[in-house]
Amino acid sequence: MPDQPISTHLFAHVLARVHAVCAVLTDEGVLPAGINLARIVVEPPKDASHGDMATNAAMVLAKDAKAKPRDLADKIAEKLRAEDQIAEVAIAGPGFINLTLKPAVWAQALRAVLDEGSAYGRSRVGGAEKVNVEYVSANPTGPMHVGHCRGAVFGDALANLLDAAGYDVTREYYINDAGAQVDVLARSAFLRYREALGEDIGAIPDGLYPGDYLVPVGAELAAEHGSALKEMPEPQWLPLVRAKSIAMMMEMIKGDLAALAITHEVFFSERSLIEGDRNRVADTIDFLRAKGDVYQGRLPPPKGAPVEDYEDREQTLFRATAYGDDVDRPLLKSDGSYTYFASDIAYHKVKFDAGFGNMVDVWGADHGGYIKRMQAAITAVTEGKGALDVKIVQLVRLLRNGEPVKMSKRAGDFVTLREVVDEVGSDAVRFMMLFRKNDAVLDFDLAKVIEQSKDNPVFYVQYGHARGHSIFRNAREAFPDLPESTDARIAFLKDAKTERLTDPAELDLLRRLALFPRTVEAAALAHEPHRVAFYLYDLASEFHALWTRGRDLPHLRFIINNDAEITKARLAMVQGVVSVLASGLAMLGVTAPDEMR
């Protein structure tokens, strides 16, 4: 990837100054020529009392400089003290450098929020690199359930963040339409087809899908074919019923996703790997065989598996152990058909061949054991040029007032995504699905997520945005020239004397605003959208706390009727909060209401 221009946010600016200091030290012979500066970071210190920012520059450069970290830190600190924006430089521990910025810097950071508007927080760190995010990919055998919902929201928010960080993102859904489960779907739909023709089908047999969501499929088949399918043997009717069932299930799934404002650019059919002009699975196996990565051999029985469950036979195996996996993996079943693993390798090779060297897969909690073999396969099939990051999304425990929610009558054995969205709304679902790290189990309480209280994060953040607009409405009573439209209001506030924002709580809020671009960038690079949800809650909390202080301390109120200058400065600060809350919520796919009812 070519070098990208440094984005304008404050942490990147200070990092650039640290790089500049290192360049001067290189000229002076303190640092060797060509030293790698990529490991240097500038980030908030873990303890806020240590300053505004911290850098590890001396720690990561000391070895190459053949110097003690603290000695090198002294030399870097000496030059940083001459920087206009830096008020204090202190060395901590073995050589960390803590920086305290001058108060005027935070006023300038607020101006950046106003100047950049909705672009504030976006960057070009991704360098337009193509990245494929594959998420949801639920088997097309019924409506989506709550577990699918979490992966869908996570994948969509991650794609939004990567886009905000300057990547060229493609959102993809892998349709598992080639396995045994779709034949079970077809037989289940055929039963409903017979029911639509007037037969009494009785209880749904074990092993078939019991939910009544297949009743419309049966009705469609009856309308389209009449009784003709009943006269056919199963090998003849099965592909017809399967194709119709999958098509209708995918339309249902797309509708479920649309309820969460989730769309995909690509729907890739697993069946297309082996049908049509080319058998891509066979091609992929041949490719790996030519590299020496496929061989005929035998596998030892799995550890802990009963002997009677193990079949000792010669198999076509992928040499996964050569790429870090624990054992080699079968590519063909005993009946000669491909394993799921073989199809998955071919599918990812198709993505890589389409230019996606950077791939992200979002998988359910039960797929953790599959990661190592898949990453081994990606290394082999891309010859080390491709990268796969697998994000595991843990289970969702659905509650109502702390009690488990009963199963859905419509689906038969689970609660559907649509039922949850219809009850609490898309915003609550999306935000709360992201308000916990993806690899931690999530308790989702249907009663709690619609409460109007600080204990409900989605309400608290949205209320922060609405409160900002309420302040603007109240300000117009005293300052009728304050424009109503966002763009006009920002233009009106750009000349505010933001240097008058000197209260510690105001400066803390400005520091939080300055942190937003770095948060977005870090969340995108780490593939962790929950960081943005946490940030928005912290920003809203600080904003609400400052508003509350104004009730007790009149001189801190946002609107001071006899001081237009400080009022305008504080309205500029409120605009900064409103803009960042709106941008962050949009990245998470959540609306930013102007009023809360």
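Just so it is clear, none of the values below were taken in a lab; they were calculated from the coordinates. Quick caveat, the model's predicted, so the values are computed rather than measured. Reconstructed Cβ throughout: ideal geometry from the backbone, glycine too, with neighbour counts over all protein chains shown.
Quick notes
- Approximate spin-label separation GLU499-ALA545, in nm, with each point projected 7 Å along Cα-to-Cβ: 2.8 nm
- Length added when fully stretched, ALA90-ALA104, from 0.36 nm per residue minus Cα-Cα: 3.1 nm
- Among beta bridges identified by DSSP and lying wholly in the chain, the antiparallel ones come to about 45 percent.
- Between 0 and 90°, nearest 10: helix 69-80 axis offset from the chain longest Cα axis: 60 degrees
- Charge dipole (the chain, unit charges on Cβ, about Cα centre) - positive-most of ALA58, LEU546, LEU509: ALA58
- Between the Cα long axis of helix 564-588 and the first principal axis of the chain there is an angle of about 20°, rounded to the nearest 10.
- Estimated dipole of the stretch 457-588 in Debye, rounded to 20 [Cβ of Lys and Arg +1, of Asp and Glu -1, Cα centre]: 120 debye
- Long pairs among LYS303/LYS385; LYS254/LYS437; LYS391/LYS448; LYS303/LYS372, criterion Cα-Cα beyond 23 Å: LYS303/LYS385; LYS254/LYS437; LYS391/LYS448
- Helix 215-225 axis, angle to the chain major axis (alpha carbon atoms, nearest 10°): 50 degrees
- Protection proxy ranking for 562-569, 463-470, using the average of other Cβ atoms within 10 Å per residue and placing the highest first: 463-470, 562-569.
- Residue (of PHE352, HIS13, GLY589) at the positive-pole extreme of the chain, dipole from beta-carbon charges: HIS13
- Residues of the stretch 336-354 falling in the label zone of ASP183, defined by backbone nitrogen less than 19 Å from a point 7 Å along Cα to beta-carbon, are 336-344.
- Net lengthening on full extension, VAL24/ALA258 (0.36 nm per residue, minus Cα-Cα): 78.8 nm
- Rounded Å value of the spacing that divides the Cα centres of the stretch 121-170 and the stretch 511-532: 16 Å
- Net charge dipole size for the chain [Lys, Arg +1 and Asp, Glu -1 on Cβ; Debye, nearest 20]: 1220 debye
- Assigned charges on the beta-carbon of Lys, Arg, Asp, Glu; the stretch 257-296 dipole about Cα centre (debye): 100 debye
- Listed by chain and number, the aspartates and glutamates whose C-alpha is less than 13 Å from the C-alpha of LYS568, apart from same-chain residues fewer than 8 away, are ASP481, ASP495, GLU499.
- Based on the reciprocal of the average 1/r between different C-alpha atoms, the Kirkwood radius for the chain equals 27.8 Å.
- Placing unit charges on each Cβ (+1 for Lys and Arg, -1 for Asp and Glu) gives the stretch 180-258 a dipole about its Cα centre, and among GLN181, ALA219, TYR193 the Cα reaching farthest toward its positive end belongs to GLN181.
- Kirkwood Rh, angstrom, the stretch 100-172 [1 / mean 1/r, Cα pairs]: 14.9 Å
- Taking other residues whose beta carbon is less than 9 angstrom from the beta carbon of ALA165, and scoring Lys, Arg as +1 and Asp, Glu as -1, yields 0.
- Packing rank of 474-483, 85-94, where each peptide gets the mean count of other beta carbons within 10 Å, highest leading: 85-94, 474-483
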